[in-house]
Amino acid sequence: MWSSRSNRDRKTVVCIACGTSLLRSEAREYDKEGNRWDRHGKEFEFLCKECYRGLCHQPRDELESLLVDIERDGPDRDAFLQRYFGAVEERYGSPEEPES
Ligand SMILES: [Zn+2]
């Protein structure tokens, strides 16, 4: 049949925002690093069209680059969190009362 497509198009993914299952071919790829062409070691997430449209487009470049920086040499979870809080504090100051 003319409409038969490859299996790839029939794969189902789940929208990370609302949990709806939809065909991968209908979904929008969401790459937290903003570079879909660098696929090395990545797992993409997906959004349905509706959520993609409602996606917050506020700038978050700093956050993403901060996370990428921290992850660069693949720390384990604890080290990652430690570095994350350290880096945020360093850049933006502590969210809590400064200890004196
Ligand atoms: Zn959705």
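The values are calculated or read from the model by the stated rules, or taken from the named source; none is laboratory data. None of the values given here were measured: they were computed from a predicted structure. Neighbour counts run over all protein chains shown; Cβ positions are idealised from the backbone, glycine included. Ligands, DNA and RNA are excluded from the accessible area calculation, which covers all protein heavy atoms including side chains. Shrake-Rupley method; radii C 1.70, N 1.55, O 1.52, S 1.80 Å.
Say whether the condition of being open to solvent by 80 Å² or more (accessible area, probe 1.4 Å) and either away from the ligand (no atom under 16 Å from the Cβ) or at pLDDT below 75 (or both) is met by at least one residue in segment 21-36.
Yes, segment 21-36 has at least one match.
Looking at segment 43-56, I want the residues that are under 12 Å from residue 19 (Cα atoms) and within 9 Å of the ligand (Cβ to nearest atom) and have a partner that is at pLDDT below 90 and aromatic (Phe, Trp, Tyr) with Cβ atoms under 7 Å, at least 6 apart or on another chain. Which pairs are those?
What qualifies is 46/30; 47/30.
Take the conditions at pLDDT 70 or above and either open to solvent by 80 Å² or more (accessible area, probe 1.4 Å) or part of a helix (DSSP H, G or I) (or both) and apply them to residue 85. Does it pass?
Answer is yes for this residue.
Pick from segment 41-65 the residues that are closer than 27 Å to residue 83 by Cα and modelled with pLDDT of 75 or more: which of them is most open to solvent (accessible area, probe 1.4 Å)? Please lay out each step first, then the result.
Looking only at segment 41-65, we keep the residues that are closer than 27 Å to residue 83 by Cα, and these are 41-45, 56-65.
Okay, now just the ones that are also modelled with pLDDT of 75 or more, so 41, 43-45.
Numbers: 41: 81, 43: 169, 44: 35, 45: 75 Å².
Applying the filter and picking the extreme gives 43.
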